[in-house]
Amino acid sequence: MLETWFSKERLLSLYYFICANIRIKSRIKWSKLSLKFFHLEFLHSFVDSFNLRPDKVRVGLAQYSDMPHKEFLLGDYSDKTDLHQKLTDLIYRGGSTNTGLALTFIRENYFTLARQNVPGIAIVITDGESNDDVEEPSQRLRNLGVSIFVIRVGTGNMEKLRTIANIPHEEFLFSIDSYQELQVLKESLRNKVCFTVTFSENVKEEFLLNTDKTKNEILSSIRSLTLRPTGNRRIGNAIEYAHKNVFSNVTGSRVSEGFKQFLLVISQTTKADIYFLLDESGSINSNEFDDMKNFTKQLLEAFEVGNNHVRFGLVKFASSATIVFRIHYYNTKADIEKAVTSLRNMGGGTRTDLGLREMIPLFEEAVRTRGEKVRKLLIVITDGESIGTVESVEVPAKLLRTEQNVIIYAIGVKDASEPELELISGSPQRTFYVKNYDFLDEIKKDIITEICGCEGLFADVVFLLDGSESVSAKDFENMKDIMKLVIDRFVIGPDKERVAVVQYGTDPNEEFSLNTFDDKAVLLQKIGNIKQMKGKAYTGKALKEVLQSFDISKGGRCSAFRFLIVLTDGESIDDVAEPAKVLRDNFININAIGMRHADRSQIFAIAGSHDGSHDGVFFEGTFASPKDLSNDVLLKICNSGTDERQDDPTHGKIFRTVFKRDCK
């Protein structure tokens, strides 16, 4: 049993199961003794992090190759000493790999007989491709309410393993190169297992829309909320509950009176590994270096620091690169701030290329010490162009971006070369320039917004693009640029954001659907190649027909948030208010972007801002650049935080706000 601390109201039990394939493969040049050591080291330390008790967490273990073998059942061991002895005495068995048969075996022999209303967890460790079907057995196991984690060792078939693991795969599917790395996974796996258990599957309203309370009373009630997890994490179930039980006339909903309704989904920011690469060359005086240090510390304030949250490392460069502290050195914000404060500018040349080269092994090390896949970011701050290099800065920067999936933000000051900054970041969206160090503070919010982006967003986004004759060729290209700037911040994929584009004139034409592209680069290239169709501006007709672009047949996903972004530059011939209302009634969130010649009243009507508010409304003329406009659009979609949190008991964390919607 694993000790759990989850609720004061009642104690939970966690069924923990490890299904391990121990087949010795010729491509793994280890002895059976070596494999046993690494397996056992992991199993011993993992179960040791829990407290076995009959009324809490129970542990079972099966081993499989061509046939599954029962080592011990759930509840066989409630004493840790006996369990550790059993693990030590394990005999490794050889054979082929039938993972599907093993999944059926644990369903019938372990989880079917498990206690009711208790979360079930299965952890599958395998280093080979299964010879049998795994999709149906894993689905039947999940149908029992069992959450399945999968650890791939080596180069097994990832697609097959995706069908076994729960989604999102970033949380339930791990990949390591060798059994030696199992121990590195222990802490992160334990945290994910516990989080899966602790997030409540039951929903309880604390107060309703028509509860007669003042603002102070509501805030007091929020502050007094206590954690009371009682089951599995079921966000979809919670949204459905809110739809049926909270947003109704009986509980105070005023949608029939024309009031907007909002559902606020609150979640903490995800994990990330972030390195700073700071220029300490001789062109930077001590006061300027202090400004750089202060800016670095201010960026730290936006994140929750820790080994299970956001980790930071720092490297300086001048004529050579100097590692100040590695990503896993400090676990608290105070320690990092102290280390940054103690930095001294040593002077020298400007070898940005060497600084970037130094980051390659450091990010490789970050992956090993983290033990799970998280976002990797590099923030480069420099005040000059790299001089005396043996290679272009683009070479190591591109290696970081393409081979290690590091997102690079390049910040230039004073004499920095803007073209070189863009070579480093790989994107104008992630390139920032200020004339002197005093202005660093002014771009802080933009950088934090850019870094936070749409992390964790699961959305279907359709762009409705005005290609009518009322749009000039220049404005048409500007609208495409805005689309690309927004999409560049998305994480495109089947488990992330999906994008479709519909162009319209006299008639609408779908350029591509939600399920066309999973590759962002190809998607952006397609947008760049879109030709203006001309014709009359029938925006209302396009709004009527764009609803079908969210269809399941076009790649729409029931559980995804749905956004429509309309870009137009003129007056529609037909009515836009009614078709836009129909879209909102179908729980599609509409944002309307008006270019220079757009009809303002129609833009407000499309976004549903009848009261004159600018919620979801964006006019090109009010922004300094397309980049600024896209930033605001993205903030509206992602809703990643607000400055007005002083009265919020959850101050300091980043949240997402989304409209209530119906998945049916």
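Taken together, the values in this text are just the output of simple stated rules run on the coordinates, not laboratory data. Here the structure is a predicted model, which is why all the values come from computation and not from measurement. Using ideal geometry, Cβ is built from the backbone for each residue, glycine included, and neighbour counts are taken over all protein chains shown.
Label zone of ILE387 (point 7 Å out along Cα→Cβ, amide N under 18 Å): in region 302-325 this covers 317-321. Exposure proxy shown here: for ASP599, ASP335, the number of other Cβ atoms within 10 Å sets the order, fewest to most, as ASP335, ASP599. When a/c reaches 1.5 or more, the comparison of a/b and b/c decides; with that in mind, is region 464-617 rounded, prolate or oblate per its Cα gyration tensor? Cα axes put region 464-617 in the oblate bin.
Computed from backbone phi, the HN-Hα couplings of region 324-337 come to 8, 8, 7, 4, 9, 6, 10, 10, 10, 5, 4, 5, 5, 4 Hz, rounded to whole numbers (Karplus: 6.51 cos²θ - 1.76 cosθ + 1.60, θ = phi - 60°; Gly and Pro given as x). Listing LEU514, LEU399, LEU378 from fewest to most neighbouring C-beta atoms within 10 Å gives LEU399, LEU514, LEU378. Taking a threshold of 25 Å on the Cα-Cα distance, which of the pairs LYS480/LYS636; LYS338/LYS414; LYS541/LYS627; LYS70/LYS373 fall above it? Pairs exceeding the cut-off: LYS338/LYS414; LYS541/LYS627; LYS70/LYS373. Packing, taken as the mean count of other beta carbons within 10 Å per residue, orders the peptides 280-286, 552-558, 380-386 from highest to lowest as 380-386, 280-286, 552-558. Extension gain for ASP632 to SER175 (0.36 nm times residue separation, less C-alpha to C-alpha distance): 160.9 nm. Label separation (SER342 vs LYS536): 7.4 nm, computed from points 7 Å beyond Cα along the C-beta direction. Taking amide H positions as modeled 1.01 Å from N, with prolines and chain starts lacking one, the residues under 5 Å from VAL566 and 5 or more places away or on another chain are LEU464, ASN591, ALA592, ILE593.
What is the calculated FRET efficiency for ALA473 to GLU578, with r their C-beta to C-beta distance and R₀ = 41 Å, to the nearest 0.05? For ALA473 and GLU578, the calculated efficiency is 0.85. When the Cα gyration tensor is reduced to axis lengths a ≥ b ≥ c, the ratio a/c stays below 1.5 for region 272-452, which is therefore classed as rounded.
With θ taken as phi - 60° and the Karplus curve 6.51 cos²θ - 1.76 cosθ + 1.60 applied, the whole-hertz 3J(HN,Hα) list for region 397-410 is 5, 5, 4, 4, 6, 8, 8, 10, 6, 8, 8, 10, 10, 10 Hz, x standing for glycine and proline.
The ranking of VAL576, VAL486 from fewest to most other beta carbons within 10 Å of each one's beta carbon is VAL486, VAL576. Using C-alpha pairs under 8 Å with a sequence gap of at least 6, the mean separation divided by the residue count of region 278-327 gives a relative contact order of 39 percent. Divide the volume of the convex hull around the Cα atoms of region 515-594 by the residue count and you get 114 Å³ per residue.
Stretching HIS309 away from ASP290 to a fully extended chain increases their span by 4.1 nm, per 0.36 nm per residue minus the current alpha-carbon distance. Our estimate of slack between SER319 and TYR433, defined as 0.36 nm per intervening residue step minus the Cα-Cα distance, is 38.8 nm.
So what is the relative contact order for region 459-638, in percent, with contacts set as C-alpha pairs under 8 Å and at least six apart?
Computed over region 459-638, the figure is 24 percent.
Along region 493-499 the Karplus relation, 6.51 cos²θ - 1.76 cosθ + 1.60 evaluated at θ = phi - 60°, assigns HN-Hα couplings of x, x, 9, 10, 8, 10, 10 Hz to successive residues, with x for each Gly and Pro. Modelled label positions at ASP415 and LYS70, each set 7 Å beyond Cα in the direction of Cβ, lie 7.7 nm from each other.
Our summary of shape: the Cα atoms of region 480-533 have principal axis extents of 34, 20, 15 Å, ordered from largest down, in whole angstrom.
Here the label points at ASN109 and ASP48, each 7 Å from Cα along the C-beta direction, are separated by 2.8 nm in the simple model.
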